[in-house]
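Encoded as structure tokens, here's the structure I'll be asking about.
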Amino acid sequence: MTDLELYKFIKECDVEWKWEKFDGEEYNDIVMFISTQNIDEFQELIKDYLDAKGFYKCNLKTDCIAVRMCAICDFYDIDMDKVFCG
């Protein structure tokens, strides 16, 4: 996955996201809320990550999954600021 592919997925699928703090630090992760209808497309996007790691832990919500993106972006060497801050 590239920066551009992730950016396009976010825009085309109208993915909601937010910065998240951990341990009172600066905002250091992003949580994306991926609609259940876009899960297959997201899985295909992170296929190399899933092949390498075996799985990715996320939270199931009523109509979406919540995915922390830091580890995924690190794996693909994606600059989160570039993708999420324009």
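Cut-off is 10 Å between beta-carbons; in what order do PHE55, PHE9, PHE33 appear when sorted fewest neighbours first?
Arranged by neighbour count, lowest to highest, PHE55, PHE9, PHE33 become PHE55, PHE33, PHE9.
A further question follows. Using +1 at the Cβ of each Lys and Arg and -1 at the Cβ of each Asp and Glu in the chain, identify which of VAL31, PHE9, THR62 lies farthest towards the dipole's positive end.
Going by the Cα projections, it comes out as THR62.
How much FRET efficiency would the formula 1/(1 + (r/R0)^6) give for ASP51 and LYS18, where r is the Cβ-Cβ distance and R0 is 25 Å, rounded to 0.05?
Values: r = 28 Å, r/R0 = 1.12.
That gives a FRET efficiency of 0.35.
In debye to the nearest 20, how big a dipole does the chain give about its Cα centre with +1 on each Lys and Arg Cβ and -1 on each Asp and Glu Cβ? If you can, show how the numbers build up before the last one.
On the way: 10 positive and 20 negative charges, 48 e Å.
With only Lys, Arg, Asp and Glu charged at Cβ, the dipole is about 240 debye.
Over the chain, what is the relative contact order in percent, taking alpha-carbon pairs closer than 8 angstrom and at least six residues apart? Write down the numbers at each step before the final one.
Details: 94 pairs, mean separation 28.0, N = 86.
About 33 percent, as a whole number.
Something else: Reachable lysines from LYS11, Cα under 21 Å, same-chain residues fewer than 8 places away excluded?
Result set, ordered by chain and number: LYS47, LYS61, LYS82.
Per DSSP H run of at least 4 residues, take -39500 (n - 2.57); add these up for the chain, divide by its residues and hand me the 222 nm value, nearest 500 deg cm²/dmol. Walk me through the intermediate numbers first.
Values: 5 runs with 35 residues, N = 86.
Result for the chain: -10000 deg cm²/dmol, rounded to the nearest 500.
Bear in mind these aren't lab numbers, they're just calculated from the coordinates by the rules spelled out. The model shown is predicted, which means the values in this text are computed figures rather than measured ones. Ideal geometry is used to build each Cβ from the backbone, glycine not excepted, and the neighbour counts take in all protein chains shown.
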